[in-house]
Every structure is written in C-alpha cells, then in structure tokens.
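The values are calculated or read from the model by the stated rules, or taken from the named source; none is laboratory data. What you are looking at is a predicted structure, and each value in this text was computed from that prediction instead of being measured. Every residue, glycine among them, receives a Cβ derived from its backbone with ideal geometry; neighbour counts consider all protein chains shown. To get the accessible areas, we keep the full protein, side chains included, count just its heavy atoms, and leave off ligands, DNA and RNA. Shrake-Rupley method; radii C 1.70, N 1.55, O 1.52, S 1.80 Å.
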Amino acid sequence: MKKVRLLKKNQHLLWISMAGCLTLSPFSFVDAHKNKGILALNSAKVAVISDLTGAVLSAKDATPVVGASVIVKGNQRIGTSTDAQGNFKLTLPEELAASPVTIVVSFIGYEPYELVVSPAQTAIKVLLKESAQELAEVVVTALGIKKEKKALSYSVSEIAGTGFTQARENNVANALTGKIAGVNATGLSTGPGGSSRVVIRGNGSLTGNSQPLYVINGMPIDNSVPGGSSLANGLGTKAGTDRGDGIAAINPDDIESMTVLKGGAAAALYGSRGANGVILITTKKGKSQKGVGVEYNGTFSMENVAVFPDFQYEYGQGDGGVKPTTLAQAQATGRRSFGAKIDGSTDYVAADGKTHPYVAQKDNLKNFYQTGTTLTNSIALSGGNDAVVYRLSLSDLNAKSVLPSNTYNRKTANLNISAKLSDRLRAEAVVQYNREQGNNRPIAGDALGNPNWMAYEVANTVDVRWLAPGHDANGNEIFWNDAGIVTNGYFFINKFKETDTKDRFIGQTSISYDILKNLTLKATTTRDFYNYNFTSIMPTGGQYIPQGQYDGIKSDVSETNSMVTAAYTTRFGETVGLSALAGANTRQFKNNQFDFFGQGYTIPYFYSYSNLATSTATPVASTIKTNSVFASADVDYKNFLFLTLSGRQDWFSTLSPKNNTIFYPSVGTSFMLSDVVNMPSAFDFLKLRASWAQVGGGGPDPYTINLAYSSVPSASSVPLQNVSSNSITNAELKPFTSTTTELGFSTRLFGGRLSIDAAVYDKKSTNDIVSVPISGASGYTSAILNSGELSNKGIELLVEGTPIKSSDFSWNTSFNFAYNKSEVLKLADGISTFSIGNSANGNAFINNQVGMPFGGIYGYRMKKDAAGNIIYDTNSNLPLQTDNNQYLGNGVHPYTMGLTNTFKYKNFSFDALVDGKFGGSIFSVMEVYATRLGLMKSTLPGRENGLALKGVTAKGDAYAYTVPVANLRSAYYNNLNRYTELFVHDASFVKLRQVIISYNLPVGALKTLGVKSANVSLVGRNLLILFKKTDNFDPEQGLTNGSAQGIESIGLPRTRSYGINLNLKF
Amino acid sequence: MLLLPLWGIGGLCLTSCDKDFVEINTNPNAVSVPTTPYIFSKALYDGAANSGNKGSLLFGLMQYTTSYNDVEGFGSKYTASQVNATGGVFSNSYPTQINEIGEVIKAVKDDPSKVNLYAAARIWRVFCYSRLTDLYGDIPYSEAAQGYNLSIFQPKYDAQSAIYADMLKELETAATSFDAANPTTFGTSDLIYQGNVTKWKKFAYSLMLRLGMRLSKVDATLAQSWVTKAIAGGVIRDYADIAKVSYLASGQNINKNPIAWQLLNDNYLRADGVNNTEGGKFQEIFISSLKTNKDPRLGVLSVVYVNGVASSDESIQKGMPATINGTKPADFVTYSEPKQTTVLKVDAPLLIFTVAEANFLLAEAALKGWYKTETASALYETGIRAAMQQWDLISGVSNVIDKARIDSYVTAHPLKTAGTVAEQTEQIYYQFWVGIFPDAQEVYNNYRRTGYPALVPNVYPGNATGGKIFRRFLYPVLEQTLNRASYNEAVQRQGTDDLLTRVWWDK
C-alpha cells in the first residue's frame, strides 16, 4: 500500500495544508492497515530457510484466492502464484533469505498487499481484501481519455453494455430511461425504429437542440432525424412521420459500455458540442486468445397495447340522442357517440351499411392493433494474438409493430480491429455498416393519414373491424365519418405506402505512436455517412386527397472529423503527476438533400414521382465547419488531490466572420478526503469534487448571417423569387455560452456495501442563439438572435447498496434521483413569451416565457368571475375564453427517479427497474376529440334532459341556459376544445420499467458443443404503470423528439413488451 | 500556463482557421442580390391568393356555399369551435405579399428611372393592405414588414382610419407619378398589365373609387371627395382594362387560380357530386335566388350530377340548406355545386377589378348625387351586362352567356328609379352579390357597408355570434403572445377581438 505509506509520511504536512477544515486530531488516526481492512496473520516460526510457503484467502469469506501473484518487491523475477487451494511456495535465493524482504501479493479484484517477511517466518497467511473498485476503476471521459474515477472533478455515469442487451430497446437511447440521475430519456410512441429524446440536466437551448452529443469510441456521430423531427401538430406524411434518429442505428450487442458526461467540465473538451452533455459509447473489441471466440445473442419479444382509455359506454353511436338507422346517418356519425342509450336494439346501422345490435364495443384498440414482435439475432466473432485483435459482429433486427403493415428492419455489421504494429505504433479501425428499413411508420400529430385516429375515435358501438379493409374493390377509401381528413385506419394499413431506407457507414481509423514512453501522438479520422431515401405515398382514392399525394426525401448526410492529439504523462518525484493533452480537430457536417413533393397521380394508383400532376423537388443543402484546438492538463498531488484544466477554442463557419470564435475554459478539482482525514471506519473512501466550465457553440444552422433570395418553383414563363427564409438573418451572430458550476461528493461505505454519489449544479446559458418566433406582421415568422438566457439548476443523487451478499445470494440495489429547475431568464428585448410548438388545431401551446420553466403548456381557460362562477357568452351560450397565455403546466418533468433491484441466487438473477417522473403535465389531443365526439365520461351530463348551464353573464347578471339534447354535441361539447385547461393533466408516473429473470445454464452438459457459457433470460419492458394521473392514456405518449414536449397527439399507443433472451458463448 | 506551449499544435490554425468559412456559409441554392421583377410577380400571385376568398369562409358567410359539416360549414354557420380559422389571412399575408412588395419597393423607390415600377408596386401594396384591413380593422401598417430592415419584431397596429387615409394618398401619388414616356416597366413580370402604364393608372383610380366608396358610411364627405377624384382620374370602364391575374391549367399550385383551386381541392376534385371531401355544395339561398330571377348565370355557375354526369339543366339546380346539423343528407347528390369549367377552372383568370364593379359603384355614386355624368339606372344596367359578359373571360369563351338572355334579364330587372334610394341601393348590391361572385370578399365589404343584399343569418346550434353574420375576422391567436402590447393597444382602440366588433368604416 504505497499510497497509504506516503500518506502516513506526509500526514503532518497535509494537515497543515488542509488545516481548518477538519476537526479530527491529526494524531488520532488508526493503523492504515486496519483502516483498509487488510490483515496479516503470522504463523509464528523462526528459521532462516529459503522457502516461504503460505496461503492467500479472501478476507471476506476465507475462500482461497486462486492465481494470486506473490512476488518479491523490486525483483519481479522472483515470484509465484497460488494454486487451486490458494497455496503457494516461494523459493527465495539465499542472498534474500537472510534478511527481511518485502512480499507483494496481488490479484485482480483485490487490493494488493505488501508485507515484510523476516527471515524467521516460513509460512504466512494473507487475507486479501476485495478492492473498493471505485479506487482503481477507470472510466472513459471526453475524447476517449481514460481516467481514474477518483480523479474526476465532475459527475460521470457509466452503464455496462449488458444493461442494454437483455431487455432491449430497439433504440438504445431509450434504455437510459430511469437509469442515470439527471438523464431524462423518453422513447416516442412512433413504432419500432422511432426516435428517442434524451435531455441531460434540463433543456439547454431555448429553440435549438437540447439533446446530447453521441460519441462512439471518442468521435462524434450524427444523431439527426432525416428531414427533421416530426412535429407535435404535424400534418400528413412528411411532417407527421418520425423517421428515426441516428442513435437508433447502434446495435446494443456491440456496446462495451456507455458513459454519460452530464455537461460542463465533463464535456468541456467537446467545446461547442458538449453544451448539452455527451453520451460516450465504447464498442467491444477483440481479445487476444486462442481460437475464435463466438458469442451469440438472440432476443424474441412481443408487445401489446398497454393502456386503454376509460370511455363511456352508456350512450352509443349517433347524434342528438338518436342512433343511426341508415347508412348515411351512420357515416355522418361514424365518430360520434352522442346517440341513444345503449340498449341492445337491433335496428342500428353502422358505417359498413349493416345492421348490428346496439351494444358497447370496448375492445377496439385490442382489435385494431396486433401483437407486435421483435426478433434480434446477433453473432460476434472475436479473437487475435498479441499483435492484432479483432471483433466482427453481425446483427439483424426484425420488428413488426402493433400497427399492422408497420415494420422495421435493421442490419448491422461492425468490425473492430486493433493492431500493435510495434512497441510504439498502434492502429485501430472500426467500421460499421448498417441498413435500416422502415415501412409504414405511423403518421402522428394531426388527423390526415394518422391510423390511430380511427382506433381512438370510432363511435363506441362500432366494432372497428367492421370498417376493414377500409377500401372498396377499386382501392378507394370507404367513407366512415363526417370528416374526410380522418383517414380510415385500415386504408392506411392497406393502401398507404411509406418506405424509408438508410444506408449508413461509420468508419473510424486511428494511429498512435509513442514518441517517448510517455508522449503519444495520435491521429484519428472518422466519417459517419448515410444515404437516406424516404418515399411516402398517400394513395389515389383517399377521402381527403382523392388524387393522392407524394412526399419524398433523398439525403446524403455526413459528419467528418479529423483530430490529432499529443498526450504526455509524467510524474515529478513521488508527489506530483501530470498528464497533458493537446490537439486540434476539424469537423465538417454536410447535408445534401432533396425534398420531393407532389399531388395528383395522373394515372390513378400508379405511384411514381414521374406520374404527378404537380410536383416540386426542392434542394436543401447545408454545410457546417468547425475548427478547434484544445488542450487539457490533469495534475495530481500525491494521488489524492486532483486538478483538471482544459481549454478549447472553436471557430464556426455559421457565424459572422467578425465573431466566429470563442474560447472555452474549464477547471475542476477532486479531493480524496478519506486519504487525508481519518474517517470513521465505515467509510471506504470519501471524495469531494468541484468544477466550473464554460462551453457553448455557434449557430446551429448555416446561412443565417445574410439575407438571400431563392427562386420559387413556377410553371409559368414568368420567374418567381422570394426571400429564402422566413427567418430574419443576423449578421452580428456570435457564439453562445453555457456555464456550469458543479459540486459533488462520492463515498463508499461498509466495505463497498453502500455507495453514494451526489451532485449539485448550476448551468446557465447566455447569448443563446434563439430562433425567436416573432409576429408575422414583421414580414417574417422568426428572427435569429443572440439573446436567450436560460438557467437550469439541479441536484442528482445516486445511492447504491448491497444489503445482502453471500456466496449464493446477493441483493444489489441502486436508486437515482434528480431534480432540475429550469427558468427562462430572457428571450429577446421586448419579447417575454413565444411558442416553440403547438397541438393540432392550436388548442394548446408549448411556450417559453420569461420567469417560467422551459417549455410550459399554455392555452385558454374558461373565464370566471371573482366568486368562481363561469362567465357565459350570451350569444354562443358558451363560457368566455381567457386569452391563450394561461400557464397550465410544465411540459418537462422536473423530478426523475429510478430504482433498480438485482437479486442473484446461484445461477439465477432477478432484476427489476422502477422509474418515475414527476411534476410535468401533458395536454391530450385524444381527449379533446373524445370530448367533442362524446366518448369521454365527462360528456355524459345532459344526455337525457339536456345540459343545464349556470353562471354569470359578462355584465355580472345571473345566467342560466339548458342545451337541448338535440344540440348537445354541436352546441356544447363540440366546442369545449376552446378551453385548453380541460385537457391538461398531471403527467407524473411510476412505472415498472423493466424486469429481467436470468439463468446461467450450467455448461457442463454443453461443453461437448463447445459452449463456454449460456444464459437465458425472460425479459419485460414497460410492464406496469404503478402510478399515473391520466385516465385515458399513457402519460409518456410523446410523439416528437423536438423541444415541444407535453403534448399527446394520438400517436401509436404505448405498449408493454415481454420476451426471451438467449446468450451463448463458444 | 501549461496549456500555452501546447497551443502550438493548433497554432497553424489560428491564422487560417476560418479562411474558407465565408464560402462554406453561403447557401448554394440562393442568391444574395434579388431580381426585383421576379419578386414583384411573386407578390402579385400571393396578393391575389391570400385573401378572404381563400377557402369556404366568406363563400359561406355570403351564402354562396355551405357544407353539412361544421368545419367546412363554418362560414355559413359561424360554428364556435372554428372561430380561430379567421386569423389565417393575416398570418399568411404579411410574410408573403406584404413583405415581398416591400422588398420590391425598397429596391426601386430611390431610382428615378424606375418610377413606373415604384408606382405599380405602391398600387399593389395598397390593394394588399386594403384586403387585410377590410377583414380585420386596425392592422400593422406603418411598422409592418420591417422585421429585416428596421428590426421591428412587434409592429404596432395602426387605426383603420389612418390606414385608409394613407392608402388613398398612396393611390393618388402613385397614379400621378406614372411616366408614360419612361420605357422601364415590369414588362412580362407584371402579371396584370404587362407593364401597361395607362392601365395601371386606371387600376389605381378604380381602387380609389372602391376604397373611397368604402368610407361612405363612416364619413360621407370624405368618401365623396375621393370618389369624385377617382372618377376624374378615370376608372376601369372597358372590358380590355379589367385588372386580372392569369393562370395555368397545370404546373405548380401557385400558377393556378387560387379561388378555383381551393374550392376544387377542398371539395370537388372527384367531380361526382357524391364524395365531396368536406361536404361542400352551393347554398340554397344563392341558387334559389338565381333560379327565381331566371338568371342566365345559373347554368354557367352551377351543376347537379345526374348519374355521375354534370348537368347544367337549370330546372334541376338547387342549393343545400345551411341548417343541416352535421349529417350528410341522403339527397346530397341532388344539390348544386360549382361547375368545373367555370368557377372551378384553375386556368381561369382571377378578376381583381372589373368593369361591373366600377359600374355598380358608380351607380351608387350617381344615386348619392356624387356623380352626375351618367344615370344610376344606365350604370346599373351596364354593370349587369358586364358582370354577365365576364364569364366568357373566366371560362375562356366556353360559357358565353347568350346576348338575348342578357337582354331579357336586364329588361326584367330594371333599376326601380321610382323607389327610395335604399331600395335602389338594395337592387345595386343584390346585383353586386350575383355579379361580383366569386370575389366574396368585395361582396362582404359592400354588404357590411350598405347592408345589402339583405341576407338572413343562419341560427345554428353552437354558433359563436348568436346567429349574426360576423362583422370582422379575429387576429391570429399568436399575436396575443408574440405581439401582445400592440395587440392590446389595437383591441383597446377598436373593441374586443370579436367576430361582432365592427371595423372603423362599418361603424
């Protein structure tokens, strides 16, 4: 225990330097050996002989430690290792045998132990204590730099790859849900292959991107959604489709570990791109071994709709209290449940033209959606020798959504080769090719082409299957309700044709060369490139767009980074260590895109871009370049006090040449208090840390500096031109800054049984580059300004414990909690509020308002007088609306938590994750329509005798009016969409997110097949909602990964999934 | 300190780090210097398209069309749930035609050689603003569309009285500034007159006549002075001078007649009379009226589908009642709808200012004694004839109304000169209603001003107005948040942002 000795020697000095902060006497510390739990027991014996025998046992349970090395300190050639019983015999040469020697006993997973053996001793027994892993643990930080955890001055969270492979999410980012304090991850309700939304420590930008940077093996990848994120009010095939993000392409089986740098100092080396935090993914590498290692992983899972609305089933299809008895009436009221009392009568006619008994149909969601399935097969081959190691993996994921016709396939091939070309020269290459193909991704947002609208809105006495197949013999949509824009879901399933293909190549190569033993030069270049093709056919014969419509996107997107670094490490004597790094990077992002749009298939039912009556192909190009230089230095003082400094300078092509560069500094320190102060014996260690960092960035979009003019497609001989953008350009644009201060501590107690990590942070974005929505009367709809200020403050807590640990049974538990308070400090001069999104039909708005949290839900309330009476408009007999700027809830949950419990018994393990989010709200478009259409229980009043309204008039007179049954829908309930507040609910929830029951098969019987290990698990995701406040939908029913959260808009229902996972190693 | 020597690695970058940035940050699909005539053409297309005529709203309100459904039927039913739809014209217009015409004016106004371009652009700007203020009342005007030039992101709203004063002044200045000797015009980019300065001048005075007459209710004296000035300047009286924008049968949507395209797209693409997308049909009141008066336009405007074939047989034409409450009627197919070869013809020109309108306005001026050169009855008759004749312009001679039928109609409907001024005004604006169709917005403007035609409002359950035809459109709801102070100031001055609040000239 070299460190301990050093400490002892310098204890006094340290006390002086650390004076004042501690009250314990510097002289009262106990034996460091005891404190570290190391015991040496002598079996007394006195003789000068050359053989030293002994046993090495685990201090915990006295079991033998097999393979431990026993060496003479300073003379490694003299050594041996323990046998299967933990025994060893060390023969000392005569010159050593006569005097005391220092013996070092070590083994992986245990703290090394040194003891001085006097010539009198012939046999010793050593109890090795399991290492408090934190001390030795190494984590990957920015730019792939590995650091000891204790040297970290900021919070870093790590998840091992196994956390993603058993109960898997197609999109690996969704698997972060509930696992890391401060990471708010949500999957979208957009089917397999959909995007994720991950926000670390609150939204960092008022209108720009707030999602983290994803980095694989030290280099960034692209995480954009081709053609842009779907919109909360997205209408039609392009704006309403979630085409999947970049991280969705990563195969969980290839992940060795994932590390989350929550921002600030942790991400400072990424400069402009680290402002929202960084998620580092380290992929698996091969190992030097005999033969080829083969690993197979297979998962089959099924999913079903998990949440069903609590609708009324007292009054059935119809309007004005009358049920339909003709086809025309049935078609007109296809979505209306304002009919007669459901009485089982037999003269009821539905939109299929047939007579049915007038009875409630409660299973429409079950009947419309199917059981979704996902089958994943991955195989990895790995191996190598001392010079070259490789790992090749192939994976295929095949998913069928709960929505028939919606499928997603992902094939991934990943090859990782590392070579040690000489003692000084190393090379590594990682290539990944993958192909993602989606079919009929469901349109969400608004009604047109959204298959879910029918499932959720069909009248409650209609069995939705009566409306299948949704088209006639000619392929034309069958009319089923009053609004043609509400597509028959079966027509979507059977006739819409959406396909998207993404061919993606990620290549990384690096060469590093050790100029000196402690000076390494490294050059890395990476390119993430994809070629994307999206075509979405709204077919001929639809009710709303009878001649059909075409949407297409073709894009080539690339993210290229080239980096050189020089890394230097040294120690100055025994006291000061230095590792320094300097480098330069150039990044180029390019998107060459064509958007295709057309209407009217000239030859009906023939779906080619060449067959459109009206068509446009619009080029969208963007190129962004950022050049950077950076450096960092890590200094440690006697391995207990650490200081990290970093600096980075970025130059942005997107900014005005006058102001296109900025320097980002960061400083951090960590201090192993337990190495200096005598802690109570319960503490294994206690570390304090503090950091301060500035990161920031340039404009997110190119071409926002100068006004430009573009041609407008026109068929006439007269050319047309307009300003290129509805956004006001800004020639003065300069970088924005995000400053984070973070304090924290981590500790481990009771021999590793309990560990606590806590952090508080204060993050402030200033000069945020905001695309400020402005009054259209300005001639533009937004202005790009350097004006935003946004604050996020929060706390994070991680508690991990091992309440029970024995050789057969163990229980591990881990709890994380985070609270983030966001506040919009400034938008722009004279602008105190603006909207970043709204629901379909503008019934609810997601606004940023000064003094309020980021992304609040705003809208209308009913006007009430001081006594709380509703004020009615005597013209319309409806409550008066307030203005639309009423704060109705936070669109983002400020509180997040997760609790994982893992039980292991022999070869079995049981793992359950419960997570919760609290304090946010959600506006439900589904409930707006279910109210207008009479499905909600809240629409029951007035069905028999009319609805008596009571309140006051605007003048303050008493008001009373009875809405007759005949007009109940059209005169009253249909108009309740005017009052946003009715449809905003607390979105807090607690979910049983994940359960894994796993069994390691005894491989004895399989050994002949070459199986080295086998594991089978039963897995489930999103199994139960333990707590929610929304009666009719899952509060996580989001449909866009854009900034405007807090709107449910009749996307694909959330599902629960369950399946089986098999892992075999050969 | 430690970092400084390491900076060397990037040192080469410090001087050359941004050398290609200007090029990289230049949009390859855009130019930095505008071609003004091309923007002018765009402004003409947009100004013609973004008006109250787009969609079914004013067509419903003026009782030309209706639908059994509440969304499409909003205009004819005033359904409370749809009131925010009225904000659309405002939000669509500023970032398009208003900003575009501002770009044009910015580029030409200080160049004396472009005086004719400047004058035409000013006239078009007046046209565009007049369409907006007539619908909303007070609107951003003096500070509008200055987001880029002056960084005005929250333009104030000007009082409609001030806007009218400025628009009329602008028309006068522009009309008198034309220089016929200067050959520089917008030429073919001028989709209305192909650079004909004389015709632009007539258009300017015609707009002056229209806007001057608009003030008759609120300030008769002021109205009279502008009407007199307009007449003296010379308004559009000849068929060849009609202000119109021409369109194409195929190509981009912007190249299609916006009224026809929107009606067609909303309802009538299938052309079978059955599966009308939004349940739209002609309204009963309009068709009955044409029928009762044996109006020869009936067969030109309207068809009924019989066994899937469009029939113009006047005897079977009938409009759909606006009172149908949400249910598609069983006899839906038997109702009249717009004719594909006339009202729905996408390559028909859009008439901006017609001979018919000039004559009707002059007839009213004559009735009021502001114009004495011609008689009200002669002007009225000329107006009717011009209104009937112009369908050949719209339909491209395929639907020319027989002169004999025009004669007999005119004979049957003379101006009742013996009647009161009110009775004669009613006659004129009844003819305006049937004659200026499909410019529903101009019909709406004159309806509000004169009260004619005497439309009977629909009292529909769940209507927002208590069964009254609304008097203005609502501002876009976004203005309440993005331009709050200006919005509040306007509401303070004009009255509640309500469908029944009257605009200044309607008070």
Worksheet item: What is the dipole size for region A:252-291, taken about its Cα centre, with +1 at each Lys and Arg Cβ and -1 at each Asp and Glu Cβ, in debye to the nearest 20?
Response: 160
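What FRET efficiency do you get for A:K821 and A:D310 if R0 is 25 Å and r is their Cβ-Cβ distance, rounded to the nearest 0.05?
Details: r = 33 Å, r/R0 = 1.33.
After rounding, the FRET efficiency stands at 0.15.
For chain B, what percent of Cα pairs sit more than 40 Å apart? Walk me through the numbers before you get to the answer.
On the way: 30381 of 128271 pairs.
Of all Cα-Cα distances in chain B, 24 percent exceed 40 Å.
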Worksheet item: Taking the Cβ-Cβ separation of A:D51 and A:A429 as r and a Förster radius of 56 Å, what is the calculated FRET efficiency to the nearest 0.05?
Response: 0.65
Practice prompt. Hey, can you grab everything whose amide H is under 5 Å from the amide H of A:A783? Only 5+ residues off in sequence or another chain; H modelled, so Pro and N-termini drop out.
Written response: A:I728, A:V772, A:I774
Worksheet entry | Environment charge at B:K156 (Cβ cut-off 10 Å; Lys +1, Arg +1, Asp -1, Glu -1) | -4
Worksheet item: What is the list of residues in region A:612-649 whose amide nitrogen lies under 18 Å from a point 7 angstrom out from the Cα of B:K19, following Cα to Cβ?
Response: A:625-629
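Compactness ratio of region B:253-338: Cα Rg over 2.2 N^0.38 Å, N = residue count? Please report the intermediate quantities before stating the final value.
Details: Rg = 12.9 Å, N = 86, 2.2 N^0.38 = 12.0 Å.
Against the compact-globule rule of thumb, the ratio is 1.08.
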Worksheet item: With +1 on each Lys and Arg Cβ and -1 on each Asp and Glu Cβ, how big is the dipole of chain B about its Cα centre, in debye rounded to the nearest 20?
Response: 800
Fill in: Above-threshold pairs, the threshold being 22 Å between Cα atoms, out of A:K284/A:K1065; A:K146/A:K411; A:K937/A:K1028; A:K763/A:K821; B:K77/B:K281
A:K146/A:K411
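Stretch A:Y609-A:S810 to full length: gain in nm at 0.36 nm per residue minus the Cα-Cα span? Spell out each step's value before the answer.
On the way: separation 201, 0.36 × 201 = 72.36 nm, distance 6.20 nm.
Extending this stretch completely gives an extra 66.2 nm.
Return the average number of partner chain Cβ atoms within 10 angstrom of each residue Cβ along peptide B:474-486. Don't jump to the answer; show the numbers that get you there.
Numbers: counts 0, 1, 4, 10, 11, 3, 4, 14, 13, 7, 7, 2, 2.
Across the residues of B:474-486, the mean count of other-chain Cβ atoms within 10 Å is 6.
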Worksheet item: In nm, to one decimal, how far is the A:A97 label point from the B:A378 one, both placed 7 Å along Cα→Cβ?
Response: 14.4
Discussion item. Show me, for region B:39-50, the HN-Hα J-couplings you get by feeding each phi into the Karplus relation (A = 6.51, B = -1.76, C = 1.60, θ = phi - 60°), rounded to Hz, glycine and proline as x.
Written reply: 6, 4, 4, 5, 5, 5, 4, 5, x, 5, 8, 7
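Estimate the FRET efficiency between A:A966 and B:A330 by the formula 1/(1 + (r/R0)^6), using the beta-carbon distance for r and 25 Å for R0, to the nearest 0.05.
Working: r = 19 Å, r/R0 = 0.75.
Efficiency for this residue pair is about 0.85.
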Worksheet item: How many nm is it between the label spots at A:T575 and A:N518, if each spot is 7 Å from the Cα in line with the beta carbon?
Response: 1.6
Worksheet item: Looking at A:G240, A:S288, A:A266, which one has the Cα that reaches farthest to the positive end of the dipole of region A:160-305 (charges on Cβ: Lys, Arg +1; Asp, Glu -1)?
Response: A:A266
Item to complete: Give me the accessible area per residue for region B:354-492, probe 1.4 Å, as a whole number in Å².
Response: 34
Item to complete: Among the listed pairs A:K238/B:K244; A:K826/A:K955; A:K495/B:K328, give every one whose C-alpha distance is greater than 30 Å.
Response: A:K238/B:K244; A:K826/A:K955
Worksheet item: Tally Lys and Arg at +1 and Asp and Glu at -1 over the other residues with C-beta under 10 Å from the C-beta of B:N69: what net charge comes out?
Response: -2
Worksheet item: Toward the positive end of the charge dipole of the protein assembly as shown, about the Cα centre and with charges on Cβ (Lys, Arg +1; Asp, Glu -1), which of A:L1001, B:A49, A:L1026 goes farthest?
Response: A:L1001
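Would you mind working out the magnitude of the charge dipole of the protein assembly as shown relative to its Cα centre, with +1 at each Lys and Arg C-beta and -1 at each Asp and Glu C-beta, to the nearest 20 Debye?
Values: 142 positive and 129 negative charges, 607 e Å.
Dipole magnitude for the protein assembly as shown comes out near 2920 debye.
Determine the gain in length on full extension of the stretch A:K411-A:Q85; use 0.36 nm per residue of separation and subtract their C-alpha separation, reporting nm with one decimal. Intermediate values should be presented prior to the final figure.
Details: separation 326, 0.36 × 326 = 117.36 nm, distance 4.76 nm.
Result: 112.6 nm gained on full extension.
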Worksheet entry | Listed residues A:L686, A:V620, A:A633: farthest to the positive end of the dipole of region A:606-711 (Cβ charges) | A:V620
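Given a 1.4 Å probe and heavy atoms of the protein chains only, how would you sort A:D386, B:D392, largest accessible area at the top?
A:D386, B:D392
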Worksheet entry | Accessible area of B:H413 in the full protein assembly, 1.4 Å probe (Å², nearest 10) | 40
Worksheet entry | Backbone HN-Hα couplings from phi across region B:412-420 [Karplus 6.51/-1.76/1.60, Hz, Gly and Pro as x] | 6, 10, x, 5, 7, 4, 7, x, 6
Worksheet item: Which distance in nm do the two modelled labels at B:S161 and A:V564 give, with both placed 7 Å along the Cα-to-Cβ direction?
Response: 7.5
Discussion item. Loop by DSSP (not H, G, I, E, B), at most 11 other beta-carbon atoms within 10 Å: where is the longest site-free stretch of chain A for trypsin sites (Lys or Arg not before Pro)?
Written reply: A:518-905
Practice prompt. Could you work out how far helix A:2-17 tilts from the main Cα principal axis of chain A, as a 0 to 90 degree angle to the nearest 10?
Written response: 80
Worksheet item: What full-extension length gain, to one decimal in nm, is calculated for A:N1000 and A:N869 as 0.36 nm per residue of separation minus the Cα-Cα distance?
Response: 40.6 nm
Discussion item. Quick one: 3J(HN,Hα) in Hz for region A:646-662, Karplus 6.51/-1.76/1.60 with θ = phi - 60°, rounded, Gly and Pro as x.
Written reply: 9, x, 8, 10, 10, 10, 10, 6, 7, 9, 4, x, 5, 10, 9, 9, 8
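Net charge within 11 Å of B:E489 by Cβ-Cβ distance, Lys/Arg positive one each and Asp/Glu negative one each, not counting B:E489 itself? Each step should come with its number before you reach the end.
Details: positive: B:K156, B:R484, B:R493; negative: B:D138, B:D158.
Neighbour charge sum, excluding B:E489 itself: +1.
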